[in-house]
Amino acid sequence: MTPYARRGVHGQTVEALARRVLSGDLPEGSTLDLVALQSELDVSLTALRESLKVLAAKGMVDARQKRGTFVRSRSDWNLLDADVLRWQFESDRTSDADSALLRNLAEVRGIIEPAAVRLAAERRTDADLAALDAAVDAMGQGGSDAAHAVEADLAFHRALLAATHNELLERMEMVIESGLAYRDRIVHSSPHSEDPVPAHRAVLDAVRDRDPRAAEAAMRALLDQAGRDLDRIGGSPDPGGSPDIGSHNDTEGPTGQ
């Protein structure tokens with residue numbers, strides 16, 4: 001799934017409306033005053049309605065006769081939609097729901113990535129290894145540039161999912177990347193952030209050696225440390241640490257994302 005375009009009046013209107021819903025400025029259950037929104041956003045009524053159709057497709061709003069257009073309950077939102085995730089994590093406000101969503105995404109990563117890296121170790125090609133090598137090399141060249149570190153980390157995890165050669169797992173990048181990018185911005189902006197290269201290199205080495213068990217253990221160590229880093233910095237509470245799903249190596253590994 002391709003993230004929704006941000007450019008143009010239509011894209012900007014969609015994002016403005018989404019952020020108001022996600023921030024609570026347009027609370028769940030509230031009926032929207034389309035005339036007022038049209039004036040505030042300085043768009044045509046047609047453009048406003050077309051933008052609301054995008055949010056309706058994502059489960060965020062709906063329209064009914066006699067009630068008008070209203071914000072649906074959060075339980076109806078498509079939280080796995082890449083745009084919904086991105087809009088929420090890019091919000092200027094952090095709510096309890098946002099922190100809970102970040103923890104939920106960490107648990108999803110704890111389920112998906114250790115299993116995915118086992119497949120990557122079994123199926124990786126030379127091209128996959130080249131992409132992983134490039135991402136790890138980029139991590140070591142960014143210095144204190146947080147934006148560079150975030151992009152390198154995203155490239156690594158994207159390449160790992162691609163190395164599974166499973167189309168459905170590859171699509172999970174849209175879910176994982178939003179939370180990962182948000183977490184990375186917090187961690188890499190901290191002066192206490194540790195070197196992420198060793199933990200990622202351990203995962204890569206196991207994938208290169210076609211050792212699924214070692215790859216899974218290295219990935220779990222990376223995710224465990226990532227959760228502790230975020231908790232230490234205070235980006236989001238992480239009660240109990242990373243999810244303990246299945247048997248794995250409990251040896252504490254270097255910092256990773």
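The values are calculated or read from the model by the stated rules, or taken from the named source; none is laboratory data. Quantities reported herein were computed from a predicted structural model and do not represent experimental measurements. Note that each Cβ is placed from the backbone with ideal geometry, even for glycine, and that neighbours are counted across all protein chains shown. Just the protein is used for accessible areas: all its heavy atoms, side chains included, with ligands, DNA and RNA removed. Shrake-Rupley method; radii C 1.70, N 1.55, O 1.52, S 1.80 Å.
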Item to complete: Mind jotting down the three principal axis lengths of the range 9-114 based on Cα atoms? Whole angstrom, largest first.
Response: 48, 28, 21
Worksheet item: Residue by residue, what Karplus-based ³J(HN,Hα) values in Hz, rounded to whole numbers, does the range 63-80 have, using 6.51, -1.76 and 1.60 with θ = phi - 60° and x for Gly and Pro?
Response: 9, 9, 4, 6, 10, x, 8, 9, 7, 7, 5, 4, 5, 8, 5, 7, 6, 8
Worksheet entry | For residue 32, residues with placed amide H under 5 Å, excluding near neighbours | 69, 70, 71
Item to complete: Which order do the peptides 108-118, 211-221 take when ranked by the mean count of other beta-carbon atoms within 10 Å per residue, highest first?
Response: 211-221, 108-118
Item to complete: Take the alpha-carbon centre of the range 147-169, take the same for the range 45-84, and report the distance between them in whole Å.
Response: 30 Å
Discussion item. Can you compute 3J(HN,Hα) from phi for each residue in the range 105-112, using the Karplus curve 6.51 cos²θ - 1.76 cosθ + 1.60 with θ = phi - 60°, rounded to whole Hz and x for Gly and Pro?
Written reply: 5, 4, 5, 4, 4, x, 7, 7
Worksheet item: For the range 10-129, with only Lys/Arg (+1) and Asp/Glu (-1) charged at the beta-carbon, what is the dipole magnitude about the Cα centre, in debye rounded to 20?
Response: 420 debye
Worksheet item: Taking only protein heavy atoms and a 1.4 Å probe, what accessible area per residue, in Å², does the range 15-70 have with all protein chains in place?
Response: 54 Å²
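What does the C-alpha gyration tensor say about the overall shape of the range 38-94? Classify as rounded when a/c is under 1.5, otherwise prolate if a/b is larger than b/c, or oblate. Each step should come with its number before you reach the end.
Values: a/c = 2.01, a/b = 1.30, b/c = 1.55.
Because a/c hits 1.5 or more and a/b fails to exceed b/c, the range 38-94 counts as oblate.
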Response to the item:
For residue 61, the residues 5 or more places away or on another chain with a placed amide H closer than 5 Å to its own amide H are 56, 72
Worksheet item: What are the residues whose amide H is under 5 Å from the amide H of residue 26, where those residues sit 5 or more places off or on another chain and H is modelled from the backbone?
Response: 21
